[in-house]
Amino acid sequence: MLYGRGTERAAVDRLLAEADGGRAGALVLRGEPGIGKSALLEAAAGAAAGWRVLRAAGVESEARLPYAVLSQLLAPVLERTGGLPGPQRAALERTLGLADGPPGDRLLVGLALLTMLGDLAERQPVLVLLDDEQWADPESAAALRLAARRLGAERVALLLATREDGPDPTGLPDLRVAPLADPDAAALLAHLVPELADPARVLAAARGNPLALRELPQGDGAGALPPDGRLRLAYHGQVSRLPGRTQRWLLLAALEETGGTEVLLRAAAESGLDVADLAPAEAQGLVRVDLAAGRTRFRHPLLRSALVDRAPLADRLAAHRALAAAYGPGEPLRRAWHRALAATGPDAEAAADLAAAAATVAARGGHQGACAAYERAARLSPDPVLARRWTVAAVEAALEAGEVERAERLARAADRPDADPVTRAHLLFARGVAEFWRGENRSAHRRLTDAAALVAREHPGPAARVLVQAVHVAWYDELPAVRRALAALAALPLPDGDPLGPVVRYLAAALGGADGPDGVDGVNGPDGVNGSSLLEAERAARAAGAAVPVDLVLPCGAGLVPGHDAEVLDLSRRLVREARESGAFGTLPTLLFFLAEAELFDGRPASAADHAAEALRLARDSGQPLWTGQLHGFLAHLAAVRGEAGPCREQAAAAFARGGAGIPWARWALGLLDLGAGRAEDAHGQLAALTGGAHGYQVSAVRAVPDLVEAAVRLRRGEECAEPLARFERWARRSGRPWARALVDRCHALLAPDELAGDLYLRALARHAEQPRPWEQARTELLYGEWLRRVRRRAEARGPLRSAELELRRLGAEPWAERARLELAATGAPAAAGPARTVAGLTPQESQIVRLAAQGLSNRDIAAQLFLSARTVGHHLYKAYPKLGVSSRTDLAEVLPALS
């Protein structure tokens, strides 16, 4: 029976009711130890009659064991893994140790959990209960958070309980469990201890904490400690009155993570104890042995902590030794950890066992647990060479887990001048990656190039991979750093047939011609990028055995620098598909961003918005802060094209807050928003800062130059853009693309006297026709039409203005379309009719789902691509049909052209 708790019960009841109705949800209960979180979980389980209830609890000493909580949670339903899509099934089974193979991607494991919950909910509602989330292993917690954020239309509820200082599950609703009100506390105490002589003293000491109301009457309840401290004292008193052999039994149970009775019995025998020694603790209700489940459970997790805290060191060491002996070969990590915790000094065998177990864990994708094990093994090892090797392994595991600060701390502590070059290279690489994630690009670039130099002669292949990363870092720092990194790459003695050879050559060709405001032209000649095309580089790298998609990610993005947009569009589509199929989800935020950029430049803003929104969700889920800033800036630009001032400024603010890579896109977005709204002065300020700033060589800055020219001309300050326009013209000449030369002609037309402008506009439109780019072509038609009307050639102006209005409305660029409509009206002609079918009102996720469904993919296929459940996909389709004016899936093919 629960006393009080009206607010909490109402919130839980609402969660269950909504889930039962097909609206999944999650709730985090947060509060101090003993405040009643576990009781609320029990009440929820009791209220979920007819539901499938999956339960797990974090254990403090088990937090270092990867996927321990997920194993608990899914143990009753593991037979359902056979129904998962192939990559998800393989990832989950390898992670849980049910199958051999390389580790599954962390996001793929989360998607497998999401799919399993959705499948289970097709039969009956599902309630997931996780107690003591603050002690859940990080890998399991990440999988649960991902599933919780992506559930939608399923009959699934997740209820998590954590301490007040527990993890902050971003994006999930949070409810603080407050102390009981005085009347409820008094009623509970009267129920628990009806004959208590002085209830007022206990009520004052307990401060509304239900566990304190239960336990303090059995102790002295004195002191000014908070309830947590008084509870520990109360437990200390209860345990101290037990026989010594019973106390040793309880300590074994407190240190054994799983509560497995079989292991505890073996450990007890190893310690000279028997089952009878546990009886006094059972009689007091401190512990309960469930023989059917094979589990030993404490009355409250705080009792476990109190037992460990009060035990003498000698007893703790003896207990760890007994537990290490009790574990069989099927639990190598637990056995190794207890052996390591029993060590009182350097221990070569214990260190080797722990390092071997760490390697096994890392192979299953448990990188955070592997890092902790390698770190401890290094401290235990008496051999400095092995200690350094295992420290490097801990650093690499931390990087794989996305814990860059931890990796940097370990690397900094281990980085000594007398270390061998390979070790130092690993450590410098880790420090460089951490600095890159913090936005310290200059120092990150220096560390990466230093790391590559240490191993360049003996290990040119790995050095090349480090330098490719250095090129990426340098791109966000300054152009001279890019050139230095490219020169170092070119100087590497890569053997013939090395898979990175084609990648290195393409990067040199694509980025070596970058031209910044420093006035230094690129290294390529006037007739386009030298060397192989992007397609040729891809084919050669694949043929040589490149790791795909990882080795092709940077060349894919680099292709946008010289204007190889069509090639980037094709390659990014292939790489995104391969990343999804292979489970390489860590690369997806990057690849989806490159795909979105290419789609935007190709005149597909709706597809670009969908892919950018998906990339942002994945970047958040996978802990990739670099890409969140860029994606916010890019989404701001898309909003600027649509003339949506609020969303544009909101996304731009997020990009500026993140700093670094997203700022150029955000500046272009704000400049374009002002230009579309007729605020030429404001637009010029943003665009001049972008194109003339230190990052004027970046993709967004280069392509913003035509907008700068338009703003300058409207302010009658065209002469101020001579230098950026000259750079843009050199870039367009090197690109060899007709669409780029068309933009140069448009800029010169804006700047030219009337007797020359007409021919320049016509030449620009002719080049647009050679290689259509709808957004830029419509902008050129609009400017040409405006010029024709201004020179009183109104009849001639109507054609380009009408074409511009139609295309701009199709693209959703309403401010620009409205400008074309007003210009057209000024010529005396009626406005053009809108498109036959629109897709207004679709959310980015609905748009993406509709597009995939129109291509013939099933709900389950779409769910696997977009990290959703099949039921949520169906729900989004159901909501999209009336917006599109269709009634069934078969009608979607008709709207596919508008969506594309």
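The values are calculated or read from the model by the stated rules, or taken from the named source; none is laboratory data. Not measured: the values here are computed from a predicted model. Heads up, the Cβs are rebuilt from the backbone with ideal geometry, glycines too, and the neighbour counts pull from every protein chain shown. Only protein heavy atoms, including side chains, enter the accessible area calculation; ligands, DNA and RNA are left aside. Shrake-Rupley method; radii C 1.70, N 1.55, O 1.52, S 1.80 Å.
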Cross-chain or 6+ apart pairs with Cβ under 9 Å, segment 481-499 first and closer than 22 Å to Val550 by Cα and free of Cβ contacts under 8 Å to residues at least 24 places away in the same chain, then among the β-branched types (Val, Ile, Thr) and not in a loop (DSSP other than H, G, I, E, B): Ala490/Val504
Give all pairs with beta carbons closer than 9 Å in which a residue from segment 122-151 that is farther than 15 Å from Gly58 by Cα meets a residue that is open to solvent by 20 Å² or more (accessible area, probe 1.4 Å) and of a type in the set (Asp, Glu); count only pairs at least 6 apart in sequence or on separate chains. Pro125/Asp20; Leu146/Asp621; Arg149/Asp621; Arg150/Asp621
Regarding Thr691, is this residue farther than 23 Å from Glu807 by Cα and over 29 Å from the mean Cα position of the chain (by Cα)? yes
Gly497 being in a helix (DSSP H, G or I) and more than 27 Å from the chain's Cα centre (by Cα): no
Filter segment 586-610 down to the residues that are crowded, with 24+ Cβ neighbours inside 10 Å and touching an Asp or Glu at 6+ places or on another chain (Cβ under 7 Å) and list them by number. Leu592, Ala598, Ala608
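Table: residues versus (1) modelled with pLDDT of 95 or more; (2) under 21 Å from Val553 (Cβ atoms); (3) surrounded by 22 or more Cβ atoms within 10 Å (Cβ to Cβ).
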residue	(1), (2), (3)
Arg442	no, no, no
His472	no, yes, yes
Ala481	no, yes, no
Ala490	no, yes, no
Elements of type helices (runs of 4 or more DSSP H) in segment 662-757, at least 3 residues being within 17 Å of Leu783 (Cβ to Cβ) and charged (D, E, K, R): 705-714, 738-751
Testing Leu760 on (1) modelled with pLDDT under 95; (2) in a helix (DSSP H, G or I), one condition comes back false. Which one is that? (1)
Hey, can you tell me all the residues within segment 633-671 that are open to solvent by 20 Å² or more (accessible area, probe 1.4 Å) and touching a residue at least 60 places away in the same chain (Cβ under 8 Å)? Arg642, Gly643, Gly659, Gly660
Could you identify the single residue in Gly519, Gly513, Gly497 that is modelled with pLDDT under 95 and buried (at least 19 other Cβ atoms within 10 Å of the Cβ)? Gly513
Among (1) surrounded by 22 or more Cβ atoms within 10 Å (Cβ to Cβ); (2) among the aliphatic types (A, V, I, L, M); (3) under 28 Å from Ala372 (Cβ atoms), the one test that Leu54 misses: (1)
So, first residue open to solvent by 100 Å² or more (accessible area, probe 1.4 Å) in segment 755-767, second residue of a type in the set (Asp, Glu), Cβ within less than 8 Å, six or more apart or across chains; the pairs are Arg763/Asp745
Could you tell me whether segment 711-721 includes any residue that is modelled with pLDDT of 95 or more, of a type in the set (Lys, Arg) and either open to solvent by 60 Å² or more (accessible area, probe 1.4 Å) or farther than 27 Å from Glu478 by Cα (or both)? no
Looking only at segment 611-632, count every residue that is open to solvent by 40 Å² or more (accessible area, probe 1.4 Å) and touching a Ser or Thr at 6+ places or on another chain (Cβ under 8 Å) and tell me the total. 1
Can you pull out the helices (runs of 4 or more DSSP H) entirely within segment 233-311 that have at least 1 residues that are surrounded by fewer than 18 Cβ atoms within 10 Å (Cβ to Cβ) and at pLDDT below 90? 301-310
Read through the list (1) modelled with pLDDT of 90 or more; (2) within 24 Å of Ala401 (Cβ to Cβ), then give the number of the only condition that Ser607 fails. (2)
Among the numbered criteria (1) open to solvent by less than 50 Å² (accessible area, probe 1.4 Å); (2) under 27 Å from Ala584 (Cβ atoms); (3) at pLDDT below 90, which single criterion is violated by Pro87? (1)
Segment 146-162: number of residues that are modelled with pLDDT of 90 or more and either assigned to a loop (DSSP other than H, G, I, E, B) or open to solvent by 40 Å² or more (accessible area, probe 1.4 Å) (or both): 2
With under 32 Å from the mean Cα position of the chain (by Cα), within 24 Å of Asp602 (Cβ to Cβ), surrounded by 23 or more Cβ atoms within 10 Å (Cβ to Cβ) and in contact (Cβ under 8 Å) with a residue 12 or more places away in the chain as the only criterion, which of Ala704, Ala742 stands out? Ala704
Positions within segment 376-391 being crowded, with 23+ Cβ neighbours inside 10 Å and assigned to a helix (DSSP H, G or I), in sequence order: Arg376, Ala377, Ala378, Leu380, Trp390, Thr391
Top-ranked residue in segment 853-890 [being open to solvent by less than 30 Å² (accessible area, probe 1.4 Å) and either farther than 20 Å from Leu114 by Cα or of a type in the set (Asp, Glu) (or both); ranked as farthest from the chain's Cα centre (by Cα)]: Val886
Mind listing whichever residues of segment 326-339 are assigned to a loop (DSSP other than H, G, I, E, B) and open to solvent by 50 Å² or more (accessible area, probe 1.4 Å)? Pro329, Gly330, Glu331
Looking at segment 400-424 only, could you name the residues that are modelled with pLDDT of 85 or more, touching a helix residue (DSSP H, G or I) at 6+ places or on another chain (Cβ under 7 Å) and under 30 Å from Ala142 (Cα atoms)? Glu405, Arg406, Ala407, Glu408, Leu410, Ala411, Arg412, Ala414
In segment 400-423, anything out of contact with any Cys (no Cβ under 9 Å at 6 or more places or on another chain), part of a helix (DSSP H, G or I) and open to solvent by less than 50 Å² (accessible area, probe 1.4 Å) is listed as Val404, Glu408, Ala411, Ala414, Thr423
Would you confirm whether or not segment 313-325 contains a residue that is without any contact (Cβ under 8 Å) to a residue 12 or more places away in the chain, surrounded by fewer than 20 Cβ atoms within 10 Å (Cβ to Cβ) and over 19 Å from Arg248 (Cβ atoms)? no
Restricting segment 163-189 to residues that are at pLDDT 90 or above and surrounded by fewer than 15 Cβ atoms within 10 Å (Cβ to Cβ), the residue that is nearest to Gly36 (Cα to Cα): Arg176
Which listed residue is small (Gly, Ala, Ser), within 23 Å of Leu250 (Cβ to Cβ) and buried (at least 18 other Cβ atoms within 10 Å of the Cβ), from Ala342, Ala350, Ala370: Ala342
If you check Glu776 against the conditions, is it of a type in the set (Asp, Glu), buried (at least 19 other Cβ atoms within 10 Å of the Cβ) and within 15 Å of Pro605 (Cα to Cα)? yes
Looking only at segment 277-294, decide whether some residue is in contact (Cβ under 8 Å) with a residue 24 or more places away in the chain and at positive phi. yes
